[in-house]
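One structure is given here, and the rest of the page talks about it.
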Amino acid sequence: MKLSKPAKASIAYSFASFFSKGIGVITLPIFTRLMPTNEIGIVTTFTSWQTIISVIATLSLNSGSFNVAMLDFKEERDQYESAILFLSTLSSLILLLIYICAMSFWSDLLGLSKGSILIMLISFIFTPAMDYWLARQRYEYNYKGTAIVSISATIVTAVWSILCVLLASYYEYTKLGDVRIAAMTSVQIAFGVFFYISIFRNGKTFVNRKFWVFALKMNLPLIIHTLSKHVLDVSDRIMISNMVGDSAAGIYGTLYSISSLSLVVWTAINASLIPYMFEKIKDGQYSSIGKVVDPLFLIYAIITFLLTLISPEIVRLLATEEYYEAIYMMPAVAAGIFFTAIYNVFGNVLLYYKKTVCIMASTI
């Protein structure tokens, strides 16, 4: 049976996502044994703040509005990518300057070292380029390149992070959290620089009023939506770090990551579902969407339920004894992720009709 291009893309995205998550699962027991829980907690706090601050720094221009732009500016996709990349660069640079003016203040506020915050802000300049490139490849069903880049970035990040932590441990350097942060973020920057140059070379567009107005008009409500969503997703880890300690945040963050394994499946499904839904809505074939979405939700529900059932065994396999006490939070987290997936599908429809204010309101 000959598969359609969307079907091939979905399989490729699923494989790449599973592989990337698989690398994370494989490295998880390595890091839980190499690093104490408080140092893992520092990494958890960093990734939480990174998730939240990136929305402001990059204006969240790689969110759902990007797919709408790929539809509206079909003949000017290179130019659109280049223009919004320059816009996000300006926004990131402004945030970087604000930090440089009061480094100690922001370091104390975020609970991170000055160096970790600095490398985070530098990454916001370059990493959107890779995000835009991947988003466009997914939209155009260029699944081979997407899979290769995603898998390569995951492997390099994992290997380089482990090597750096091992080397730091060998020389008895105690701040292993900062070492791991520097290692994984430097790889993100390296990949980002490559696509940063590529996008500007192809688009050759920096300031474009039409693209900027479209992106900002679509994205300003989505910034609040994305920020609200990320606050919901990661504020718990930041609060645990501040109220209880880095060690507790490390345990919670690790268990949360295991609980969200099913999210890999949904991320892959939704990546290929968005262009399919957009085309069907455009052609007025609304009923065909339900015929595809309903079975997908049933399959996803079964996967989520099965992962929840075996979650205690997964924790015992991947983590040490000090993580076991937190297994009771996992069913609730898995259920929350499932209902978020349902919400995503309705959000896709609102995105098509450019009802971003409705998305913002519901997320808040």
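At a probe size of 1.4 Å, how large is the accessible area of ASP236, to the nearest 10 Å²?
Taking all protein chains as shown, ASP236 has close to 40 Å².
Pairs to check: LYS144/LYS229; LYS229/LYS354; LYS210/LYS355. Give those whose C-alpha atoms are more than 28 Å from each other in this structure.
Violating the 28 Å Cα-Cα cut-off are LYS144/LYS229.
Just to compare against my own numbers: the Cα pair-distance distribution for region 143-276, 5 Å bins, whole % per bin, please.
In order of increasing distance, the bins hold 2, 7, 9, 12, 18, 20, 14, 9, 6, 2, 0 percent.
So, with a 1.4 angstrom probe, what is the percent of accessible area on region 100-164 that is carbon and sulfur?
Solvent-exposed carbon and sulfur of region 100-164 make up 72 percent of the total.
One-quarter of the Cα convex hull surface for region 297-340, in nm²?
With the hull built on Cα positions only, its mean projection is 3.1 nm².
Ignoring ligands, DNA and RNA, what percent of the accessible area of region 176-237 is carbon or sulfur (1.4 Å)?
69 percent
Put +1 on the Cβ of each Lys and Arg and -1 on the Cβ of each Asp and Glu in region 33-115; which of SER82, LEU59, ILE98 then has its Cα farthest toward the positive end of the dipole?
Selected residue: ILE98.
Residues of region 30-58 with the amide nitrogen closer than 15 Å to a label point 7 Å from the Cα of TYR170, along Cα-to-Cβ, please.
none
Just to confirm my numbers, what's the Cα centroid distance between region 210-240 and region 100-133 in Å?
17 Å
Please provide three numbers in whole Å: the alpha-carbon extents of the chain along the principal axes, with the largest listed first.
In descending order, the Cα extents are 60, 50, 38 Å.
With every protein chain present, what is the per residue accessible area of region 122-189 (1.4 Å probe, Å²)?
46 Å²
Show me the three semi-axes of the equivalent ellipsoid for region 288-364, from the C-alpha gyration tensor (sqrt of 5 times each eigenvalue), largest first, rounded to whole Å.
Values for region 288-364, descending: 33, 17, 7 Å.
Give me the distance in nm between label points sitting 7 Å out from Cα along the Cα-to-Cβ direction at ILE30 and THR340, one decimal.
So the label points at ILE30 and THR340 sit 2.6 nm apart.
Write down the Kirkwood hydrodynamic radius of region 26-74, to one decimal in angstroms, obtained as one divided by the mean of 1/r over all alpha carbon pairs.
13.5 Å
Just round it to a whole percent: the fraction of Cα-Cα distances in region 41-156 exceeding 19 Å.
53 percent
The values are calculated or read from the model by the stated rules, or taken from the named source; none is laboratory data. Note that the structure is a prediction, hence the values are computed from the model and not measured. Virtual Cβ from ideal backbone geometry, glycine too; neighbours counted across all protein chains shown. Heavy atoms of the whole protein, side chains included, go into the accessibility calculation; ligands, DNA and RNA do not. Shrake-Rupley method; radii C 1.70, N 1.55, O 1.52, S 1.80 Å.
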